[in-house]
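To keep things clear, I will list the structure first and then write my remarks on it.
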Amino acid sequence: MVNPVLLIVIPLGLAFVVPFFGFISKKIEKFIPFVALFFNLIVSLRLFPRVLEQPVHVSIGGFVPPFGINLVAGPIGILFTVLIALVGFLVSIYAFDYIKEKDQEKYHILYLLLLTGATGVVLTGDIFNLFVFFEILCISSYSLVAYFGDKTSIESAVKYLIQGALGSCLILMGIGLLYGQFGTLNMADLAGNIKSVHSVSIFVPLVLFITGFGVEAAIFPLNAWLPDAHSSAPSSISAVLSGIAIEVGLYAMIRVVFTLFGASSILTFLMLLGVITLLIGELCAFCQENIKRMLAYSSIGQIGLMLFALSIASSYGITGGLFQLVSHTLGKSLLFLAAGYMIYRSGSMNISSFEGMGKRMPYTALAFTIGAFSIVGLPPFIGFPGKLMIVKAALFEQEMLYTVLIFFILLATVIEGAYYFRVVQALYFKEEKNTQNQKREIAPLSILIPIFILTGFIVVIGIYPKLITDVLVSSASELLNRADYIKSVMP
Amino acid sequence: MTFLSEYIYYIGAFGLIFIGLYIVLVKKNLIKVIIGLSIIDTGINLFLITIGYIRDGTAPVFSKPGLKANEMVDPVPQALVLTAIVIGVAILALAISLAVKLYKHHGTLNLRKINEQKW
């Protein structure tokens with residue numbers, strides 16, 4: 001049997017081996033993330049059928065929970081692991097030709113550490129261990145945002161670091177408060193002890209956790225860092241940050257809210273927060289001229305939509321939220337990768353510089369268009385079933401509040417359509433102003449392959465959503481059945 | 001007086017956390033903000049240690065016969081603090097190196113004047 005520990009250990013080990021390979025040859029450094037994440041992809045796919053029958057538990061060092069650190073590979077954990085490995089693998093191919101300047105080995109080390117942290121967060125069953133992996137994720141993303149070292153990227157990295165560090169301080173304080181009361185760090189053990197969230201001593205840690213993870217997930221009042229950080233990082237890193245890092249923040253948040261605290265009374269608040277985040281994100285994206293900033297604000301909006309769907313807390317709602325999460329991970333990674341290459345060629349992030357790109361770079365422009373249509377939610381792409389499920393789930397509840405909120409969500413979708421179609425229009429229907437380099441340029445294979453694979457996933461899952469809904473339904477039931485989770489970890 | 005002697009560490013810990021929070025929120029200089037972050041970190045570490053602390057307690061090793069569990073200090077928070085200190089140092093080092101770079105680019109560390117990126 002494959003051990004889920006390998007999913008964390010192999011990338012972590014290989015990350016620190018990168019400089020040693022650098023002694024042999026500078027050329028093989030860039031293949032290390034490729035190898036590590038390919039391994040992760042294979043292992044997580046092999047674990048998949050077994051996990052769907054029964055969650056896989058690993059006690060590190062042989063100490064049984066609640067005394068030792070344990071890993072819990074449930075359906076939701078393995079779903080995230082596959083997504084992280086898939087997107088990470090594709091982006092590592094993209095980086096072959098994209099990352100050429102500065103210290104490449106540092107990029108590859110930090111990139112592997114970022115993905116290790118993300119995998120650790122989704123697999124661990126211990127709250128302090130979750131914090132440690134979360135910090136690995138955060139610290140490596142702070143430094144990757146500053147990778148170019150120019151004026152804007154350093155400024156955004158500083159902003160990101162200050163807010164992120166404050167957020168993680170709050171998480172640590174929450175962990176301290178919980179440990180002081182229950183004397184355990186195991187999530188299942190803690191969840192077994194927490195009966196209701198109405199006493200102040202339980203409520204304060206819950207608020208601290210939501211605020212702390214909310215910073216990384218970019219929930220509305222805590223999202224000031226995101227547009228700067230995502231727009232000034234290298235495009236390959238923007239794809240990973242937008243496609244994985246904020247989703248992992250959201251995962252940590254819902255894991256804490258649903259499993260650890262079972263806090264159903266706070267869900268209405270989270271739902272409102274989600275809709276506000278959605279509206280703010282989409283409205284800000286609408287008035288951006290910089291393409292990467294626009295995509296970053298769109299990510300904020302999407303996170304709000306996911307938070308709304310997950311807070312419905314019905315099986316159908318959570319399934320819809322997770323579907324939206326998968327579609328956002330694939331779609332936004334594709335958009336950042338495609339936009340990144342077009343920026344690389346045109347040398348400007350301004351939307352007006354993309355005019356006429358549809359003729360010059362047909363494949364990349366087509367992929368961008370498909371990604372944009374998918375995020376907006378047009379059939380037959382993957383975004384459509386996700387949004388449809390969310391709207392249906394909210395209407396099933398038959399409450400006035402949900403109907404009003406759905407109105408705002410559909411409004412936000414219209415805004416989203418407006419700004420994405422503006423870019424698509426610039427790509428295809430506007431003549432290029434400077435007519436000097438009109439020749440067609442075909443991107444190198446290492447850029448085209450990840451873009452094509454992501455496009456393929458978007459179209460295939462969009463046409464046949466049944467491919468992933470089974471996994472999502474069992475993930476939703478894992479989140480909702482708190483008692484089962486506790487029983488499965490500590491029989 | 002007994003109240004004070006019993007809760008003095010908690011008061012100290014939360015005092016440090018709020019002082020740090022104040023510095024981070026109010027000060028304009030990046031170096032001061034970083035110092036504030038480090039003070040919050042220290043406060044939280046003190047808080048974690050206090051949770052497991054027992055007055056006149058000893059290390060949790062059964063060296064003497066007849067040692068009871070309530071005479072021993074809880075070792076888990078100390079392990080947590082060790083990890084938290086390492087993480088804090090990593091963040092501090094990164095923050096300071098970014099501050100150096102920021103000064104090279106902007107010629108100032110005043111955060112109110114560094115505002116190229118806006119909504």
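Since every read-out is calculated from the coordinates, none of them should be taken as a lab result. Just so it is clear, the model here is predicted, and its values are computed rather than measured. Positions of Cβ are backbone-derived with ideal geometry, glycine not excepted, and every protein chain shown enters the neighbour counts.
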*asked:* Of A:L480, A:A239, A:L454, which is farthest towards the positive pole of chain A's charge dipole, taken about the Cα centre with +1 and -1 on the beta-carbons of Lys, Arg and Asp, Glu respectively?
replied: A:L454
*asked:* Which one, A:Y344, A:A367, A:I390, projects farthest toward the positive side of the charge dipole computed for segment A:323-418 from Cβ point charges (K/R +1, D/E -1)?
replied: A:Y344
*Using a Förster distance of 56 Å, how high is the FRET efficiency between A:S488 and A:V414, based on the Cβ-Cβ distance and rounded to 0.05?*
0.85
*asked:* Taking each residue in B:90-98, count the Cβ atoms of any other chain within 10 Å of its Cβ, then average. What number comes out?
replied: 5
_Per-residue counts of other Cβ atoms within 10 Å, averaged by peptide: what ranking do you get for A:58-66, A:153-161, A:238-246, highest first?_
A:238-246, A:153-161, A:58-66
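In deg cm²/dmol, rounded to 500, what helix-only [θ] at 222 nm does chain B give when every DSSP H run of at least 4 residues adds -39500 (n - 2.57) and the total is split over its residues?
Roughly -23500 deg cm²/dmol at 222 nm, from the helical runs in chain B.
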*For A:D126, which sequence-distant residues (separation of 5 or more, or a different chain) have an amide H within less than 5 Å of its own amide H, given hydrogens modelled in the peptide plane?*
A:N70, A:M187
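Across peptide B:19-30, how many C-beta atoms of other chains are within 10 Å of each residue C-beta, on average?
Counting Cβ atoms of other protein chains within 10 Å of each residue's Cβ and averaging gives 1.
Which loop GluC sites (Glu not before Pro) in segment A:199-293, with loop taken from DSSP, have no more than 15 other Cβ atoms within 10 angstrom of their Cβ? Before the final figure, lay out each step's value.
Values: sites: A:E216, A:E247, A:E282, A:E289; in loops: A:E289.
Listed in order of number, the matching sites are A:E289.
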*asked:* Using each residue's phi in segment B:74-91, evaluate 6.51 cos²θ - 1.76 cosθ + 1.60 at θ = phi - 60° and report the 3J(HN,Hα) Karplus result to the nearest Hz, with x for Gly and Pro.
replied: 5, x, 5, x, 5, 5, 4, 5, 4, 5, 5, 5, 4, 5, x, 5, 4, 5
*asked:* For chain B, set up a GNM with springs between Cα atoms under 10 Å and report which of B:I31, B:I87, B:I44 has the largest fluctuation.
replied: B:I87
*Alpha-carbon centroid distance for the pair segment A:459-491 / segment A:109-132, whole angstrom*: 21 Å
_Which order do the peptides A:263-271, A:192-200 come out in when sorted by mean C-beta neighbours inside 10 angstrom, highest first?_
A:263-271, A:192-200
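Roughly how many debye, to the nearest 20, is the charge dipole of segment A:338-447 about its Cα centre, given +1 on each Lys and Arg Cβ, -1 on each Asp and Glu Cβ, and no other charges? Numbers along the way, then the final one.
Details: 10 positive and 7 negative charges, 97 e Å.
Dipole size: approximately 460 debye.
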*Mind checking B:72-78 for the average number of partner chain beta-carbons within 10 Å of each residue's beta-carbon?*
2
*Which number comes out as Rg/Rh for segment B:2-106 once both Rg and the Kirkwood Rh are worked out on C-alpha atoms?*
1.14
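Run lengths n ≥ 4 of DSSP H only: what is the helix-derived mean residue ellipticity at 222 nm for chain A, with -39500 (n - 2.57) per run over all residues, to the nearest 500? Provide the component values of the computation, followed by the final result.
Numbers: 21 runs with 362 residues, N = 491.
My calculation for chain A gives -25000 deg cm²/dmol from helical runs alone.
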*Going highest first, how would you order A:218-227, A:396-405, A:40-49 by mean Cβ packing within 10 Å?*
A:218-227, A:40-49, A:396-405
_For segment A:71-158, which trypsin sites (Lys or Arg not before Pro) pass both filters: DSSP loop (anything but H, G, I, E, B) and at most 10 other C-beta atoms within 10 Å?_
A:K100
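Which number do you get for Rg(Cα) / (2.2 N^0.38 Å) in the protein assembly as shown?
0.96
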*Rounded if a/c is under 1.5, else prolate if a/b is larger than b/c, else oblate: which is segment A:379-491, with a ≥ b ≥ c the root eigenvalues of its Cα gyration tensor?*
oblate
*Antiparallel DSSP bridges in the protein assembly as shown: what percent, to the nearest 5?*
90 percent
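Please report, in debye to the nearest 20, how large the charge dipole of the protein assembly as shown is about its Cα centre when each Lys and Arg carries +1 at its beta carbon and each Asp and Glu carries -1 there. Write down the numbers at each step before the final one.
Values: 39 positive and 32 negative charges, 248 e Å.
Rounded to the nearest 20 debye, it is 1200 debye.
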*Roughly what angle does helix B:30-51 make with the longest principal axis of chain B, taking Cα atoms, 0 to 90 degrees, to the nearest 10?*
10 degrees
_Let's test the formula: R0 of 35 Å, r as the Cβ-Cβ distance of A:Y344 and A:V58. What FRET efficiency results, to the nearest 0.05?_
0.25
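Under a point-charge model restricted to the Cβ atoms of Lys and Arg (+1) and Asp and Glu (-1), what is the dipole moment magnitude of segment A:74-183 relative to its Cα centre, in debye to the nearest 20? Walk me through the numbers on the way to the answer.
Numbers: 5 positive and 8 negative charges, 23 e Å.
Its charge dipole is roughly 120 debye.
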*Quickly work out the A:I24-to-A:Y428 label distance, labels modelled 7 Å from Cα along the C-beta direction, and quote it in nm with one decimal.*
4.7 nm
*Can you tell which of A:P205, A:I84, A:F133 lies farthest toward the positive end of the dipole of the protein assembly as shown, using +1 and -1 charges on the Cβ of basic and acidic side chains (Lys, Arg; Asp, Glu)?*
A:I84
*Could you let me know the centre-to-centre spacing of segment A:367-414 and segment A:186-214, using Cα atoms, in angstrom?*
31 Å
